[in-house]
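**Student:** First, the structure itself, so that you have it in front of you.
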Amino acid sequence: MLDTRYRVEIPGGINLDAQVVGPIPRFFAFAIDLCIRGVIIFVLSLMSIPFGTFGVGGGFFLILLFAIEWLYPVLFEVFWRGQTPGKKALGISVINDDLTPVSLGTSLVRNLLRTVDFLPLFYLAGLVTMLSNRHFQRLGDLAAGTLVISVRESARAAPVPDIEPLAPSTPLLRTEQTSIIDFLQRSPQLSGPRQQELADILEGVTHQKGDDGVRQLHRIGAWFLGLR
Amino acid sequence: MDLDKLQVNACTRSGWQAVDLGFQMARAWFRPLYLAGVMAMLPLTAVLLLLFWKSPFWALAIAWWLKPFWERLPLFIASRKLFDEDAGVWQSFRSFPVKDILPWLLWRRFSMQRAFDNPVTVLEELRGGQRRQRLRVLHGKYSDVALGNQFVCFCFELLVCFGIALTLDFFTPESLDLKVYDRYGDLTLVGEWMFTLSALLAMTLVMPFHSMAGFALYLNRRIELEAWDIEISFRNLVQRKRSDVTRSTGLLASVLLAGLVGLAASGGAEAALEHDRSSASDLIAEVLQGEDYGQEKVVRKWRFKDWSEEVEEESFPEWLIEFLEWWEQNIQWSTDFSGAAFWLKLLLVLLFLGCAGYLLWRYRGPLARLGGKSPEAAVPEVLFGLDVTPQSLPPDVPAQVMRLWGEDAYREALGLLYRASLSRLIDKYELAFRASHTEAECASLVKARGIESLSDYFWQLTRVWRELAYGHRIPAKERVQQLCHGWSRELSDEPH
């Protein structure tokens, strides 16, 4: 089964799921960060002009340039939940491969190895490694043991529908319950005939056909949503 | 369309996640997709290259313009692979999808969402007004993602092309005398060929990813609009109920048969009926739905324990604002900075000293241990819950052991012998037992001491003690007597 899911099982048999992020969103995140860094460096270079190009100003500027180039991603990743501004904009973040937050050490390793990923020009090595392993890790990620995953936005709670709930006639597994709730909540996007088609599959559970089946399923969904 | 055979996990994804899924698809099916792309492209491109051998960029431009044509075969194969049908490259080559190709090579060549729109033409075979209407439904909120896909894949193509060309240029030996640039800095014919071939290679390499990303976006939209995931889940539910029924009837029949033949007692049969697997799983599902178990808690963020929720984490720190205001008011920009270097130096030195100080303080524990000998580990007084101080022992240990044994206090008797041994070993042989050691680790420490008779004895004693303590196996009285003699021989104070 092809998927972008990354799963870690922690003691107690609990599965933690995350969605790994591929090259396209990461490209945009990087581009945004690049622009931000560019603006910062531009402003700094303007500020350093009155200090003299080769004197104190130049030296100060070079030190700052170094710090920004190397520490910008590290500081953001460590202190801002694994997100640089670009990553934040794309809703992605860096995380250890056991799904714990990145620490200073891992973030440093993954960002120092950018030089290797950059080879032979503009991150070709990084792109090739990303596409040659299942979790889209570039060389720096592999060395540091980190992943880039998408941050789940907390889903806005859908309004609870105003219909009379109905207890299901037969016990259902949790996944089945959620798909019935999904059916209820996504029905505005589904066409009428498609809804009937889906409801007809569950004729054995609802004992209704067609439109009645759809209504019945909606009521069961409302019951699973907590209406009583 | 048989959703049971769907090879991707159907669930609702965001646009970017769908594109990532497309990249996974391209990874999984890379060989057939790549081969199909190359096979569709190779014959005509070879002819073009021969025709324009003096200016291969023309061949490249034409091949690039014909991209919508090359991309169709990989897409066709992927649509078969998606439902686990193995479409051989040759076989799909014969049913090459060429319908409605002309618009795609003329005005639609400028479309920025080609990979996303392609499936509607190639797989659904819609055209004209029908196609437009379908696209309006499909595009929805994903136009920007489709655009992003096109843009980034174009960048990747350039990147791969120049990467290959540059690497080739780097690794061409000087002696071959292949000049890429002439003395005016223009590309030579060799250079043009090098870039053309690199670009063609880059095009074929990136194409599977680009078209699969668009295809996955299209799929994602259909999963959303047609609720494929819900259909799969509903079908599984029906399947589960049906197999539950067959299982329970099968079990019922076998139980009845067993009852008839008289192999099973009727009580046992009833118990089996109560706990057969299908009804049990129903029961479990019912219990899990109840108030006690049916609680779900969604935690989406990492946070520290006891972290106050009120802290506004993204707020700008107050002191920084104050500092910036102070900076603005009090620091005059001027060109005289003779003192600035000194202050900067001082600042850096102070910063360094601060860091060094902090590190020293942070790692004071390990550093202290580095310097001197590690502090003497305290002699343990209690091992495995046994008091091993010399004061706790009776004057004549073997006699006391045998007396306790006579009173049937086996555990106390052997416990006394064992802890007396440990105590003596600590006292007399200065063995560094720690409270964290196990019995076997103690025994191997004794062995490491190098006195063979002693370690033999202690191994025996440990084994007997462990069997009694944990296995509740009482040894023979002779064995205990033997151990007592051994103790007097090996561990008592009197010279033997």
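Bear in mind these aren't lab numbers, they're just calculated from the coordinates by the rules spelled out. Being a predicted model, the structure only gives us computed values, none of them experimental. Cβ placement follows ideal geometry from the backbone for every residue including glycine, while neighbour counts extend to all protein chains displayed.
**Student:** Among the complete DSSP H segments of chain A, which ones combine at least 24 Å of alpha-carbon extent along their axis with a mean Kyte-Doolittle hydropathy of 0.5 or more?
**Tutor:** Working: long enough: A:23-48 (36 Å, 1.68); A:56-79 (31 Å, 1.85).
Both cut-offs are met by A:23-48, A:56-79.
**Student:** In whole Å, what three semi-axes, largest first, describe the equivalent ellipsoid of segment B:456-495 built from its Cα gyration tensor (square root of 5 times each eigenvalue)?
**Tutor:** 21, 11, 7
**Student:** Within 10 Å of each residue's Cβ, count the other Cβ atoms and sort B:Arg449, B:Arg132, A:Arg110, B:Arg424 from fewest upward.
**Tutor:** In increasing order of surrounding Cβ atoms, one gets B:Arg132, B:Arg449, B:Arg424, A:Arg110.
**Student:** Taking neighbour counts of Cβ atoms within 10 Å as a proxy for exposure, in what order, fewest first, do A:Asp117, B:Asp20, A:Asp212 appear?
**Tutor:** With the sparsest Cβ surroundings first, the list reads A:Asp212, A:Asp117, B:Asp20.
**Student:** Also: Under 5 Å between amide H atoms, partner at least 5 residues away or on a different chain: which partners does A:Tyr6 have, H built in plane at 1.01 Å?
**Tutor:** Under 5 Å from the amide H of A:Tyr6: A:Ala18, A:Gln19, A:Val20.
**Student:** I've got another one for you. When you look at the Cβ of every residue in B:445-454, what mean number of other chain Cβ atoms sits within 10 Å?
**Tutor:** On the way: counts 0, 0, 0, 0, 0, 0, 0, 0, 0, 0.
Counting other chains' Cβ atoms within 10 Å and averaging over B:445-454 gives 0.
**Student:** Taking N as the number of residues in segment B:3-226, what value does Rg over Cα atoms divided by 2.2 N^0.38 Å take?
**Tutor:** Normalised Cα radius of gyration, segment B:3-226: 1.10.
**Student:** For segment B:24-30, just list the computed ³J(HN,Hα) in residue order, Karplus coefficients 6.51, -1.76 and 1.60, θ = phi - 60°, integers in Hz, with x standing in for Gly and Pro.
**Tutor:** Once θ is set to phi - 60°, the couplings for segment B:24-30 become 5, 4, 4, 4, 5, 10, 4 Hz.
**Student:** Another one. Go from 0 up to the bin containing the longest alpha carbon distance in the protein assembly as shown, width 20 Å each, and give me the % of pairs per bin.
**Tutor:** Whole-percent P(r) values from 0 Å outward: 12, 28, 28, 23, 8, 1.
**Student:** What nm distance separates the two modelled labels at B:Thr188 and B:Ser243, each placed 7 Å from Cα along Cα→Cβ?
**Tutor:** 6.8
**Student:** What is the local net charge at B:Leu33, summed over the other residues whose Cβ is closer than 15 Å to its Cβ (Lys, Arg +1; Asp, Glu -1)?
**Tutor:** Summing Lys and Arg as +1 and Asp and Glu as -1 gives +3.
**Student:** Right, something else. Taking beta carbons within 10 Å but only from partner chains, what does the mean come to for residues B:12-18? The partial results should precede the final answer.
**Tutor:** Details: counts 2, 4, 6, 1, 11, 10, 1.
Other-chain Cβ atoms within 10 Å of each residue's Cβ, averaged: 5.
**Student:** I need to check one value: relative contact order of chain B, counting alpha carbon pairs closer than 8 Å and at least 6 residues apart, in percent.
**Tutor:** Contact order relative to length: 13 percent.
**Student:** Starting from the Cα of B:Met112, step 7 Å along the direction of its Cβ; do the same at A:Ile41; then give the gap between the two resulting points in nm.
**Tutor:** 2.7
**Student:** Where does helix B:143-171 land angle-wise versus the long Cα axis of chain B, in degrees 0 to 90, nearest 10?
**Tutor:** Helix B:143-171 sits roughly 90 degrees off the main axis of chain B.
**Student:** Ordered by residue, what ³J(HN,Hα) values in Hz, to whole numbers, does segment B:383-388 give under the Karplus form 6.51 cos²θ - 1.76 cosθ + 1.60, where θ = phi - 60° and Gly and Pro are x?
**Tutor:** With the stated coefficients, segment B:383-388 comes to 10, 6, x, 9, 6, 10 Hz.
**Student:** So, one more: How far is helix B:277-289 tilted, in degrees, relative to the longest principal axis of the Cα atoms in chain B, given as a value from 0 to 90 rounded to the nearest 10?
**Tutor:** Computed tilt is about 90 degrees.
**Student:** Now a separate question. For B:Phe96 and B:Asp456 in one chain, what is 0.36 nm times their gap in residues minus the Cα-Cα distance, to one decimal in nm?
**Tutor:** Extra length available between B:Phe96 and B:Asp456 comes to 121.3 nm.
**Student:** Bin width 5 Å, origin at 0, all Cα-Cα pairs of segment B:382-490: what percent of pairs per bin?
**Tutor:** Whole-percent P(r) values from 0 Å outward: 2, 12, 25, 27, 21, 10, 2, 0.
**Student:** Here's a follow-up. For peptide B:228-235, compute the average count of partner chain beta-carbon atoms within 10 Å of each residue's beta-carbon.
**Tutor:** Taking all residues of B:228-235 together, the mean is 6.
**Student:** Averaging over every viewing direction, what projected area does the convex hull of the Cα atoms of segment A:1-122 cover, in nm²? Please report the intermediate quantities before stating the final value.
**Tutor:** Working: hull surface 39.9 nm².
Computing the convex hull of the Cα atoms and averaging its projections yields 10.0 nm².
**Student:** Taking chain B on its own, what percent of its Cα-Cα pair distances exceed 32 Å?
**Tutor:** Details: 89270 of 122760 pairs.
Of all Cα-Cα distances in chain B, 73 percent exceed 32 Å.
**Student:** Related question: Going by alpha carbons, how many degrees (0 to 90, nearest 10) lie between the helix axis of B:318-330 and the longest principal axis of chain B?
**Tutor:** 60
**Student:** Run the numbers on chain A and let me know its relative contact order in percent, using alpha-carbon pairs under 8 Å that are six or more apart.
**Tutor:** Worked out over chain A, it gives 16 percent.
**Student:** Among the listed pairs A:Lys209/B:Lys5; B:Lys54/B:Lys179; A:Lys88/B:Lys141; A:Lys87/B:Lys141, which have their C-alpha atoms separated by more than 23 angstrom in this model?
**Tutor:** Working: A:Lys209/B:Lys5 26 Å; B:Lys54/B:Lys179 16 Å; A:Lys88/B:Lys141 20 Å; A:Lys87/B:Lys141 21 Å.
Correct reply: A:Lys209/B:Lys5.
**Student:** Seen from all sides and averaged, what is the projected area of the convex hull of the Cα atoms in chain A, in nm²?
**Tutor:** Numbers: hull surface 73.2 nm².
Its average projected convex-hull area is 18.3 nm².
**Student:** Hull surface divided by four, with the convex hull built on the Cα atoms of segment B:12-85: how many nm²?
**Tutor:** Taking the Cα atoms of segment B:12-85, their convex hull projects to 6.1 nm² on average.
**Student:** Order of A:Lys87, B:Lys447 from fewest to most other C-beta atoms within 10 Å?
**Tutor:** Sorted ascending by nearby Cβ count, the order is B:Lys447, A:Lys87.
**Student:** Something else: So what is the relative contact order for segment A:174-224, in percent, with contacts set as C-alpha pairs under 8 Å and at least six apart? Please list the in-between numbers first.
**Tutor:** Working: 41 pairs, mean separation 22.9, N = 51.
The value is 45 percent.
**Student:** Can you list the lysines whose alpha carbon is less than 17 Å from that of B:Lys447, not counting same-chain residues fewer than 8 positions off?
**Tutor:** Of all the lysines, those that pass the test against B:Lys447 - Cα under 17 Å, at least 8 places apart if same chain - are B:Lys428.
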